[in-house]
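Just below is one structure, and these are the notes that go with it.
The values are calculated or read from the model by the stated rules, or taken from the named source; none is laboratory data. Everything numeric here is computed off the predicted structure, so don't read it as measured data. With ideal geometry, Cβ positions are generated from the backbone for all residues, glycine too; neighbour counts draw on all protein chains shown. These area figures cover heavy atoms from the full protein model, side chains too; ligands, DNA and RNA do not enter into them. Shrake-Rupley method; radii C 1.70, N 1.55, O 1.52, S 1.80 Å.
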Amino acid sequence: MEPLNANYWNERYQAGQIPWDIGYASPPLLAYAASLQDKQTRILIPGAGHAYEAVALHQRGFEQIFVCDWAPLAFAHLRQNAPDFPENNLLVADFFTLDLQVDLILEQTFFCAIDPALRPDYVAHAARLLAPEGTLAGVLFANPFPFPGPPFGGTAQEYSQLFSTHFSIRQLALCEQSIKPRAGRELFLEAIVSIE
Ligand SMILES: C[S@@+](CC[C@H](N)C(=O)[O-])C[C@H]1O[C@@H](n2cnc3c(N)ncnc32)[C@H](O)[C@@H]1O
């Protein structure tokens, strides 16, 4: 497998080869965020790419959104579409090296993009970044893919075992707001960090 490093991803943005990019904010993530009352909720979107969700939430008045992507070209879209988004909240960095505390992590095709061997580290690091009772919410592919990734899929059983090491799972079920091409192929995960 080609190394899935920052260069690999940045080249995809450079070449415009971004088939994962749906071109607008993910409906399940927006539906979830609509339930949040507090506009000061600290939200992290890791592997955010064009970060449509960050733009939409910023426009809805959320003031503490952080986006992380290690491909420098990824944030061009956000910079253009939300010019008043705080530059300090654009984290061009490896997710696994992030050191901040947030209340909510929103997941949209980042988990499926990393080497599956790193999944336990993803779960542990996400838990580390969350404040007590913080939440990780978002979509995960519901099945393994019949080709080498990325994307890498999985099963609800696998995810349940994996996330239960650091989270209490509130929901892990077929996602109802998936976009048409992904309908029936995504799970919605909502998990509350466990106190260590
Ligand atoms: C499949 S894309 C998804 C982008 C965006 N979430 C979307 O749905 O359009 C995966 C993204 O994760 C980023 N990424 C992969 N590994 C990363 C890491 N360790 N730290 C930060 N970003 C990473 C890539 O640069 C890429 O932009």
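Brief remarks on what is shown
- Here the gap between Asn143 and Asn7, fully extended at 0.36 nm per residue and compared with their Cα-Cα distance, gives a gain of 46.2 nm.
- Amide hydrogen proximity for Glu107: with H placed 1.01 Å from N in the peptide plane, the residues at 5 or more positions away or on another chain lying under 5 Å are Ala137, Gly138, Val139.
- Close amide H contacts of Val102 (hydrogens built in the peptide plane, cut-off under 5 Å, sequence separation of 5 or more or a different chain): Leu130, Ala131.
- Nonlocal amide H pairs with Ser168, under 5 Å, H built at 1.01 Å: Ile192, Val193, Ser194
- Whole-Hz Karplus values for the range 41-47 come out as 3, 7, 10, 10, 10, x, x Hz, taken residue by residue from phi with 6.51 cos²θ - 1.76 cosθ + 1.60 and θ = phi - 60°; glycine and proline positions read x.
- Gaussian network model of the chain, springs between alpha carbon atoms under 10 Å - residue of Pro46, Pro72, Pro19 with greatest fluctuation: Pro19
- Burial order of peptide ranges 136-145, 181-190 (average beta-carbon count within 10 Å, highest first): 136-145, 181-190
- Computed from backbone phi with θ = phi - 60° and the Karplus coefficients 6.51, -1.76 and 1.60, the 3J(HN,Hα) list for the range 98-115 is 5, 9, 7, 10, 9, 9, 8, 10, 9, 10, 8, 6, 9, 3, 6, 8, 8, 4 Hz; x is used for glycine and proline.
- Centre-to-centre, using Cα atoms only, the range 160-182 and the range 38-58 are separated by 19 Å.
- Table column - 3J(HN,Hα) (Hz), the range 22-28, Karplus curve with 6.51, -1.76, 1.60, x for Gly and Pro: 8, x, 7, 5, 4, x, x
- Solvent accessible area, Å² - Asp38, 1.4 Å probe, full protein context: 90 Å²
- Additional length obtainable on full extension of the chain from Gln80 to Ile195, 0.36 nm per residue less Cα span: 37.5 nm
- Just so you know, the Rg over Rh for the range 1-97 is 0.97, from Cα atoms, with Rh as the Kirkwood radius.
- The simple Förster model, with R0 at 30 Å and r as the Cβ-Cβ distance, assigns Ala156 and Ala93 a FRET efficiency of 0.50.
- Here the chain carries DSSP beta bridges of which approximately 50% are antiparallel, counting only pairs with both residues inside.
- Accessible area per residue, Å², the range 53-113 with all protein chains present, probe 1.4 Å: 43 Å²
- Radius, Kirkwood style, for the chain when every pair of distinct Cα atoms is counted (Å): 16.8 Å
- Here the spin labels are modelled as points 7 Å beyond Cα on the Cα-Cβ line, and at Ala173 and Glu133 they lie 2.3 nm apart.
- Check: the chain dipole with +1 on Lys, Arg Cβ and -1 on Asp, Glu Cβ, in debye: 420 debye
- Between Ile18 and Gln40, the FRET efficiency from the beta-carbon distance, with R0 = 30 Å, is close to 0.40.
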